[in-house]
Amino acid sequence: MPGDDGKEPAKVFVSYAREDLVFADQLADALKASGFEPLIDRENITGGEEFKARLAAMMLTCDTVAFVLSPDSVDKKSFCTWEIEKADELAKRVLPVVCRPVGDAVVPDRLKDLDYIFFYPEPHVPGSGFGNGLRRLVTALKSDLAWLREHTALTGRAAQWDRRQRKDEDLIRGSLLAETEKWAGSRPVNAPEISPLQRVYLETSRQAEDKNAASERKRLADTAAAQEAREKALVLAEQIDRQRRRLRFAMALGSIGFAAALALLWLRAESSRDELKAQVIKYFAQQCEDATNATSTLAETTDPVAWQCASNQFWSLYRGRMIILETHEKGISGGKSLVERKMIDFGFKLGPSNEPPRFLPQPSLAPPAKDVRDACDAFMKKL
């Protein structure tokens with residue numbers, strides 16, 4: 001049955017001592033009737049890793065822990081002590097439900113300052129009893145529920161990240177990260193703090209996101225710079241072509257009166273040619289540097305984000321950005337381009353997938369990466 005907000009029912013983990021099983025069952029039934037999903041383990045098992053793992057999994061998915069407070073549950077030998085410690089570790093909200101007088105039993109410090117909800121007629125609390133206690137519990141469970149649901153979801157993501165050796169692929173990215181950070185900063189007064197694991201998870205996600213954004217900005221800046229250099233080279237080439245056309249026109253006239261103009265046009269052509277050559281060499285050097293950096297990173301890096309950025313850069317070069325360089329090399333090498341051949345060989349070894357491989361680094365890419373570097377060095381020496 002959905003909750004009042006139309007979403008899935010809020011999950012409430014019921015922590016109780018075996019001696020309070022009858023009350024715990026009544027409480028679970030009352031919670032279910034009130035629109036909540038009670039999580040309760042009815043097997044009378046104590047200790048054991050399998051038992052703890054089952055309870056930990058239940059607590060991981062709950063939004064609130066309802067702790068049935070009694071002389072037996074606060075006993076140091078009770079398994080409830082472990083459940084309270086686990087609730088603290090997961091930063092879960094704990095609501096103490098008192099089912100019978102505690103007497104002289106020592107209540108854990110974690111529970112002493114909380115607002116008790118009495119489910120029996122407590123003389124010092126007028127109107128207390130099961131009915132009034134349930135109403136108070138339902139009200140408390142509904143408070144800050146949206147924030148607590150996000151807390152539970154983040155707990156699950158952080159736990160999965162930790163369980164899977166904290167892989168980058170399990171981190172939060174993009175707009176979801178920004179929304180989660182905003183959520184973390186809007187904690188209601190009575191809501192629990194985020195847990196240490198959640199905090200580390202968010203911090204690591206932000207660091208990875210910033211690093212990825214910086215790499216993307218650099219890639220875009222490099223692409224823009226290369227495009228700008230290419231456009232300048234094309235403009236200079238056009239200028240030289242126009243000047244040569246003017247020079248040929250002047251020579252065709254055969255007029256001595258044009259001698260000064262011819263000399264000036266020739267000087268301009270020579271000057272533009274030197275400027276063009278410098279721009280073209282700079283452009284080719286940048287392409288070679290980008291190709292060398294991208295291929296060596298793909299072979300050596302252990303960072304999936306860096307690998308992804310290098311892969312994007314390599315395919316950008318492979319599919320278009322190095323065409324001018326390769327065409328020029330063919331022009332000065334009798335129709336052959338060593339750089340083009342080595343880039344093709346590397347692309348074949350890299351494969352079509354643009355997803356980071358499961359294991360990094362990739363030493364099998366080191367030899368073709370060196371071939372690309374050597375080919376680029378040989379090309380630059382020819383200029």
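Just to check your reading of the model, which residue among Ala213, Ala184, Ala191, Ala158 is modelled with pLDDT under 90, hydrophobic (A, V, I, L, M, F, W, C) and within 21 Å of Pro304 (Cβ to Cβ)?
Ala213
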Checklist outcome for this item: When segment 56-109 is checked residue by residue, the ones that are of a type outside the set (A, V, I, L, M, F, W, C) and touching a Gly at 6+ places or on another chain (Cβ under 8 Å) are Thr61, Pro71
Item to check | Subset tally (residues that are farther than 13 Å from Arg100 by Cα and among the small types (Gly, Ala, Ser)) for segment 116-147 | outcome: 5
Checklist outcome for this item: Looking across segment 78-121 at residues that are part of a helix (DSSP H, G or I) and of a type in the set (Asp, Glu), the single one that is surrounded by the fewest Cβ atoms within 10 Å (Cβ to Cβ) is Asp109
Checklist entry - Checking Thr295 against (1) under 17 Å from Ala375 (Cβ atoms); (2) at pLDDT below 90; (3) of a type outside the set (A, V, I, L, M, F, W, C), which test does it fail? => result (2)
Next on the checklist: Filter segment 152-181 down to the residues that are assigned to a helix (DSSP H, G or I), among the aliphatic types (A, V, I, L, M) and within 14 Å of the chain's Cα centre (by Cα) and list them by number.
Outcome noted: Leu154, Ala158, Leu176, Leu177, Ala178
Next on the checklist: If I filter segment 346-361 for residues that are farther than 28 Å from Arg173 by Cβ and in contact (Cβ under 8 Å) with a residue 60 or more places away in the chain, do I get at least one hit?
Outcome noted: no
Checklist entry - In this structure, does Gln239 turn out to be surrounded by 15 or more Cβ atoms within 10 Å (Cβ to Cβ) and modelled with pLDDT under 85? => result yes
Checklist entry - Looking at Arg149, is it more than 17 Å from the chain's Cα centre (by Cα), without any contact (Cβ under 8 Å) to a residue 12 or more places away in the chain and in a helix (DSSP H, G or I)? => result no
Item to check | Qualifying residues in segment 334-368 (those that are over 30 Å from Lys381 (Cα atoms) and of a type in the set (D, E, K, R)) - the one modelled with the highest pLDDT | outcome: Arg358
Checklist entry - Looking only at segment 171-213, which residues are more than 21 Å from Glu89 (Cα to Cα) and either touching a His at 6+ places or on another chain (Cβ under 9 Å) or acidic (Asp, Glu) (or both)? => result Glu179, Glu209, Asp210
Next on the checklist: Kindly evaluate Leu31 against the criterion of being buried (at least 19 other Cβ atoms within 10 Å of the Cβ), in the same structural domain as Ser128 (by TED's automatic domain parsing) and over 38 Å from the mean Cα position of the chain (by Cα).
Outcome noted: no
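The values are calculated or read from the model by the stated rules, or taken from the named source; none is laboratory data. Bear in mind that the values here come from a model prediction, so they are computed numbers and not experimental data. Please note: Cβ atoms are built from the backbone with ideal geometry, for glycine as well, and neighbour counts cover all protein chains shown.
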